[in-house]
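Trainee: I have a structure here, written as structure tokens, and I will follow up with some questions on it.
The values are calculated or read from the model by the stated rules, or taken from the named source; none is laboratory data. Just so it is clear, the model here is predicted, and its values are computed rather than measured. So basically every Cβ, Gly included, is an ideal-geometry build from the backbone, and we count neighbours across all protein chains shown. Each accessible area value is taken on the protein alone, full model and side chains, heavy atoms only, with ligands, DNA and RNA left out. Shrake-Rupley method; radii C 1.70, N 1.55, O 1.52, S 1.80 Å.
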Amino acid sequence: MERPIRVLLAKPGLDGHDRGIKVIASALRDAGMEVIYTGLRQTPEAIVRAAIQEDVDAIGMSVLSGAHMTLFPEVLELLRAQGADHILLFGGGIIPDKDIRALQQMGVGALFTPGASLQEIIDYVRREIAERRKAQQ
Amino acid sequence: MDKVAQGKARWAARAAQSPCADDRQFITVSGTPIQPLYTPLDIQDLDFEKDIGFPGSFPFTRGVRDTMYRGKLWTMRQFAGLGSAKQTNERFHYLLAHGQTGLSVAFDLPTLMGYDSDHPRSKGEVGRCGVAVDSLQDMEVIFSGIPLDRISTSMTINAPASILLAMYIAVAEKQGIPSWKLTGTIQNDILKEYIAQKEWIYPPAPSMRLITDTMAFCAQHVPKWNTISISGYHIREAGSTAVQELAFTLADGFAYVEAGIAAGLDVDVFAPRLSFFFNAHLDLFEEVAKYRAARRLWARYMRDKYGAKKPESWLLRFHTQTAGCSLTAQQPENNIIRTAYEALAGVLGGTQSLHTNSMDETYALPTEHAVKIALRTQQILAYEIGVANTIDPLAGSYFVEALTDQMEKGAEAYFAEIEKRGGVLKCIEQGYFQREIAEAAYRYQRQIENQERIVVGVNRFTEEGDTGTIPILEIDPAVEHEQCVALKRLRSERDNDKVQRALADLRRVAEGTENTVPAILECVRVYATEGEIVDVLRSVFGEYQEPVLL
């Protein structure tokens, strides 16, 4: 049997608004995924370290503070530096369209903004991880 | 009553036969079931004198002042803070010129967490969610040209509240205004930070000491200042129900009162300076009932449990902000309408001060245009629709009185549970509040997903391409760089011997039991930075780590 999808959820930076990420954590878990939540105020280094140690398929980061243009690229960079860019980096928060486009060009996956539905997020993670697993076989 | 009961039975029988009979359950935004019809039967246990009474009289269900809005309208206080001190100062002058009657400062995350702008953890966050304040120098710029004896200022600051208050006092000193003339509020509510907003620095015990120090200092030197704004707003934004917001907020309030009494303060000295901050969510009647129940509960507990003798100690005065979490990214103009109804709830509930959110806040900090519409919403409410003409107009409504009573009972059930678990601090350690709120948030989101709850533009009445249709404010990344340059210059130009002496004295005071505020004020006056002051306190008090709860 294929192993369940493992997702690390993280709140980087100084922002303490964790309503969204906790709702997502419950939704992904109810959808049968294994969810590891790091808690608040993680540095990019700590997030990448935990993701590698926990052997996750994806990292989901929630940023509502406006620091997304600093935090997402840093995590992406560290994943690449450590040869772990098979891990999907996706996220959500208050992120303007223009920045979403820029981040996706760098290699970040989907970025969900207010109003996204839980089902959309679940479907995206399932689809994306299935594709990545297939590509690695 | 028998006649009413018979009438109700006849009506219910007819309604059940109606071709439009509907056995769906109707619920409030928080999930409280609502009956199809309320009658005198639902309020038969209510005693007018004891439960409702007159405005300005115990138990203050109908409002804290005899004349309410006929005597004085609520303060229109739009929360603002963005980018640099200079930009924020410009926004303040803009808002004052358009008729705003009080200021409200939003600080950026590094300021809230006690980091200077050039600290590595501040990277990418400077000036983003509010204004960056590193030292007295920034506060001087923020309030430049604003007479602090004539305008009241609310500052949303918690863990470092006493430092920012000290800076405000120091700015006033420079304007030649004595501290006893200052009016305003610091949020200074650390308990709700542990519960919901999560911007803490120190562990609970020393945090509570900083708060009681501030209460004692202000009672003596800044007597018109509200020393804590006990905040349910963030608890609600984190996903709580209305009853949870009411219960957890008042429980926090009682914890501050108990801390003040334990610190040897007279309850009648500090209690009149405690104020509250509630959310105004979408469910009009539930919100009104929440505010009315809050006043009644607070008055009763303050008088009967905490032995406060002055009527001012019994008053629950509150600021309201419309619910940011109710706004949608889809069809953002709809947010103007949501905000207007929420503001109406705040006013029907007797708020003393109101912030109306701007339509663009699901995207970014508001633009000038959006914030002006939000302010105009309040002005229309105040001057055009007649809602301020009479006091507590919903009193006596069978529904509203029944709901008020139900809210009160719901809150008391929570108080009993909190006490059973060993009090507010124990509940925080156990993650009790955090879990209750997270569960409510998930429940709410699932109701939206299942269409049990309709959100216009999100799960019904949707349109293609309905996002991104309004202009968005951008914060220039140069703000961070400029802030760091200014900080470097400050550190080289100030009298560093004086700074070191002031910081050493603060350490001595923090290690002992003396009031910390005068030592903080001295540090601020010689331009020690916020980060330097927090570092001293952090090294003495330690840092709080939240247990990871899921």
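Trainee: Can you tell me the convex hull volume per residue for chain B, based on C-alpha atoms, in Å³ to the nearest whole number? Each step should come with its number before you reach the end.
Mentor: Numbers: hull volume 87.0 nm³, N = 550.
Once divided by residue count, the hull of chain B is 158 Å³.
Trainee: How would you classify segment A:85-124 from its alpha-carbon gyration tensor, with a ≥ b ≥ c the square roots of the eigenvalues: rounded for a/c under 1.5, else prolate if a/b is greater than b/c, otherwise oblate?
Mentor: Here segment A:85-124 falls in the oblate category.
Trainee: Taking amide hydrogens as modeled 1.01 Å from N in the peptide plane, which residues meet the under 5 Å criterion relative to residue A:88, leaving out close sequence neighbours?
Mentor: A:58, A:59
Trainee: Label points 7 Å out from Cα along the Cβ direction at residue B:333 and residue B:10: separation in nm?
Mentor: Label-label distance for residue B:333 and residue B:10, simple model: 5.0 nm.
Trainee: Stokes-Einstein at 10 °C, 1.306 mPa s, Kirkwood radius from Cα pairs: D for segment B:1-85 in µm² s⁻¹? Can you show the working numbers first?
Mentor: Details: Rh = 17.8 Å.
Rounded to a whole number, D works out at 89 µm²/s.
Trainee: Still on this model: Each label point is 7 Å from the Cα along the Cα-to-Cβ direction; what then is the distance between the points at residue B:419 and residue B:476, in nm?
Mentor: With each label placed 7 Å out from Cα toward Cβ, I get 5.7 nm.
Trainee: Turning to a different aspect of this structure: How far is helix B:284-300 tilted off the main Cα axis of chain B, in degrees rounded to 10, range 0 to 90?
Mentor: Between helix and principal axis, roughly 70 degrees.
Trainee: Taking every eigenvalue of the Cα gyration tensor of segment B:48-87, multiplying by 5 and rooting it, what semi-axes result, largest first, whole Å?
Mentor: Working: eigenvalues 271, 26, 7 Å².
Output for segment B:48-87: semi-axes of 37, 11, 6 Å.
Trainee: Another question, if that's okay. Compute the helix-to-body angle for B:432-449: its Cα long axis versus the longest principal axis of chain B, expressed 0 to 90° and rounded to tens.
Mentor: Helix B:432-449 sits at roughly 60 degrees to that axis.
Trainee: Can you tell me the relative contact order of chain B? Whole percent, Cα pairs under 8 Å, sequence separation 6 or more. Present the calculation step by step, with values, prior to reporting the outcome.
Mentor: Numbers: 942 pairs, mean separation 101.3, N = 550.
Once normalised by length, the contact order is 18 percent.
Trainee: A further question on this structure: Rounding to the nearest 20 debye, state how big the charge dipole of segment B:403-528 is about its Cα centre with +1 on each Lys and Arg Cβ and -1 on each Asp and Glu Cβ. Spell out each step's value before the answer.
Mentor: Numbers: 18 positive and 24 negative charges, 120 e Å.
Charge dipole, segment B:403-528, about its Cα centre: 580 debye, nearest 20.
Trainee: Quick check on segment B:104-223: take the gyration tensor over C-alpha atoms, sort the square-rooted eigenvalues as a ≥ b ≥ c, and tell me if it's rounded (a/c under 1.5), prolate or oblate.
Mentor: Numbers: a/c = 2.08, a/b = 1.20, b/c = 1.73.
Oblate, because a/c is 1.5 or more while a/b does not exceed b/c.
Trainee: Excluding residue A:79 itself, what net charge comes from residues whose Cβ is under 14 Å from its Cβ, given Lys and Arg +1 and Asp and Glu -1? Before the final figure, lay out each step's value.
Mentor: Numbers: positive: A:49, A:80, A:132; negative: A:45, A:54, A:55, A:57, A:74, A:77, A:85.
So the surrounding residues net to -4.
Trainee: Here is a follow-up. In terms of modelled amide H atoms, which long-range or inter-chain residues lie less than 5 Å from the amide H of residue B:185?
Mentor: B:153, B:154, B:155, B:226
Trainee: Would you kindly state how much longer the chain becomes between residue B:426 and residue B:35 on full extension, computed as 0.36 nm times their sequence separation minus their alpha carbon distance, in nm to one decimal?
Mentor: Working: separation 391, 0.36 × 391 = 140.76 nm, distance 3.67 nm.
Between residue B:426 and residue B:35, full extension yields an extra 137.1 nm.
Trainee: Follow-up question, since we're still on this one. Is the shape of segment A:27-99 best called rounded, prolate or oblate, per the rule: a/c under 1.5 gives rounded, else a/b larger than b/c gives prolate, else oblate, with a ≥ b ≥ c the square roots of the Cα gyration tensor eigenvalues? Display every interim value, and only then the final one.
Mentor: Values: a/c = 1.67, a/b = 1.14, b/c = 1.46.
Taking the square roots of the gyration eigenvalues as a ≥ b ≥ c, segment A:27-99 is oblate.
Trainee: Moving to a separate point now. What residues of segment B:411-429 lie in the reach of a label at residue B:205, counting those whose backbone N is under 17 Å from a point 7 Å from the Cα along Cα→Cβ?
Mentor: B:423-429
Trainee: Let me ask something else about it. If you average the sequence gap of Cα pairs under 8 Å that are 6 or more apart and divide by the length of chain A, what percent do you get for the contact order?
Mentor: Details: 198 pairs, mean separation 33.6, N = 137.
This gives 25 percent for chain A.
Trainee: Which order do you get for B:492, B:313, B:179 if you rank them by accessible area with a 1.4 Å probe, largest at the top? Intermediate values should be presented prior to the final figure.
Mentor: Values: B:492 90, B:313 0, B:179 35 Å².
Heavy-atom accessible area, descending, gives B:492, B:179, B:313.
Trainee: Using only DSSP helix segments of four residues or longer, with each worth -39500 (n - 2.57), what per-residue ellipticity at 222 nm results for the protein assembly as shown after dividing by its residue count and rounding to 500? Mind dumping the intermediate values first?
Mentor: Values: 25 runs with 321 residues, N = 687.
Value at 222 nm, helices only: -15000 deg cm²/dmol.
Trainee: Separate question: How much accessible surface area, in Å² rounded to 10, belongs to the heavy atoms of residue B:336 with a 1.4 Å probe?
Mentor: Accessible area, nearest 10 Å²: 50 Å².
Trainee: While we're looking at this one, here's another question. Using each residue's phi in segment B:130-143, evaluate 6.51 cos²θ - 1.76 cosθ + 1.60 at θ = phi - 60° and report the 3J(HN,Hα) Karplus result to the nearest Hz, with x for Gly and Pro.
Mentor: Whole-Hz 3J(HN,Hα) from phi for segment B:130-143: x, 8, 8, 10, 9, 8, 3, 4, 5, 5, 4, 6, 4, 9.
Trainee: Between residue A:77 and residue B:463, with labels modelled 7 Å along Cα→Cβ, what's the label distance in nm to one decimal, could you check?
Mentor: Those two pseudo-labels are separated by 4.2 nm.
Trainee: Could you state how much accessible area is buried at the A-B interface, both sides summed, with a 1.4 Å probe, in Å² to the nearest 100? Don't jump to the answer; show the numbers that get you there.
Mentor: On the way: alone 7330 and 23280 Å², together 27730 Å².
Summed over both sides, the interface buries about 2900 Å².
Trainee: Now for a separate question. Which values of log₁₀ I(q)/I(0), to two decimal places, follow from the Debye formula for segment A:1-124 at q = 0.14, 0.21 Å⁻¹ with a uniform point scatterer at every Cα?
Mentor: Listed by q, the Debye log ratios stand at -0.53, -1.28.
Trainee: Report the local net charge at residue B:391: Lys and Arg +1, Asp and Glu -1, summed over other residues whose C-beta lies under 14 Å from its C-beta. Write down the numbers at each step before the final one.
Mentor: Details: positive: B:62, B:65, B:70, B:72, B:292, B:295; negative: B:66, B:392.
Here the count lands on +4.
Trainee: Eigenvalues of the Cα gyration tensor times 5, then square-rooted: what semi-axes does that give for segment B:55-164, in whole angstrom, largest first?
Mentor: Working: eigenvalues 201, 59, 24 Å².
After diagonalising the Cα gyration tensor, the semi-axes are 32, 17, 11 Å.
Trainee: Plugging the Kirkwood radius over Cα pairs into Stokes-Einstein for the protein assembly as shown, at a temperature of 10 °C and a viscosity of 1.306 mPa s, what D comes out in µm²/s?
Mentor: Working: Rh = 26.3 Å.
Rounded to a whole number, D works out at 60 µm²/s.
Trainee: Report the relative contact order of segment B:29-176, percent, no decimals, based on alpha-carbon pairs under 8 angstrom and at least 6 residues apart.
Mentor: Values: 198 pairs, mean separation 27.9, N = 148.
Contact order relative to length: 19 percent.
Trainee: Here is a follow-up. Between residue B:45 and residue B:2, what FRET efficiency comes out of the Förster formula 1/(1 + (r/R0)^6) with R0 = 22 Å and r the beta carbon distance, rounded to 0.05? Working shown, then result.
Mentor: Numbers: r = 16 Å, r/R0 = 0.73.
The value I calculate is 0.85.
Trainee: Sticking with this structure for a sec: Nearest 0.05, what FRET efficiency do residue A:127 and residue B:17 give at R0 = 45 Å with Cβ-Cβ as r? Let's see the in-between values first.
Mentor: Numbers: r = 51 Å, r/R0 = 1.13.
Step by step, r from the Cβ atoms, then E = 0.35.
Trainee: In addition: For segment B:319-333, in order, what is each residue's ³J(HN,Hα) by Karplus, 6.51 cos²θ - 1.76 cosθ + 1.60 with θ = phi - 60°, in whole Hz (x at glycine and Pro)?
Mentor: 9, 10, 10, 5, 6, x, 6, 8, 7, 10, 6, 6, 6, x, 4
Trainee: Using only C-alpha atoms and all pairs of different ones, pull out the Kirkwood radius for segment B:288-394 in Å with one decimal.
Mentor: Numbers: mean 1/r = 0.0655 Å⁻¹.
The answer is 15.3 Å.
Trainee: Against the 2.2 N^0.38 Å scaling, with N counting residues, where does segment B:443-505 land? I'd like the Cα-based Rg ratio to two decimal places.
Mentor: Values: Rg = 25.5 Å, N = 63, 2.2 N^0.38 = 10.6 Å.
Taking N as the residue count of segment B:443-505, the ratio is 2.40.
Trainee: By how many degrees, between 0 and 90 and to the nearest 10, does the Cα long axis of helix B:478-493 differ from the longest principal axis of chain B?
Mentor: Tilt of helix B:478-493: around 40 degrees.
Trainee: Another one. With a 1.4 Å probe on protein heavy atoms only, tell me which residues of segment A:14-34 lose at least 50 Å² of accessible surface in the complex relative to the chain by itself.
Mentor: A:14, A:19, A:22, A:23
Trainee: A follow-up question, please. Against the empirical 2.2 N^0.38 Å scaling, what ratio does the C-alpha Rg of segment B:435-550 come to? Can you show the working numbers first?
Mentor: Values: Rg = 24.5 Å, N = 116, 2.2 N^0.38 = 13.4 Å.
My calculation over the Cα atoms of segment B:435-550 gives 1.83.
Trainee: Could I ask something else about it? If Lys and Arg each add +1 and Asp and Glu each add -1, what is the summed charge of the other residues whose beta carbon sits under 12 Å from the beta carbon of residue A:23? Present the calculation step by step, with values, prior to reporting the outcome.
Mentor: Values: positive: A:19, A:22, A:29, B:443, B:446; negative: A:18, A:30, B:439, B:449.
Surrounding charge for residue A:23 is +1.
Trainee: Starting from 0.36 nm per residue, how many nanometres of slack lie between residue B:490 and residue B:505 once their C-alpha separation is accounted for?
Mentor: Gain on stretching residue B:490 to residue B:505: 3.3 nm.
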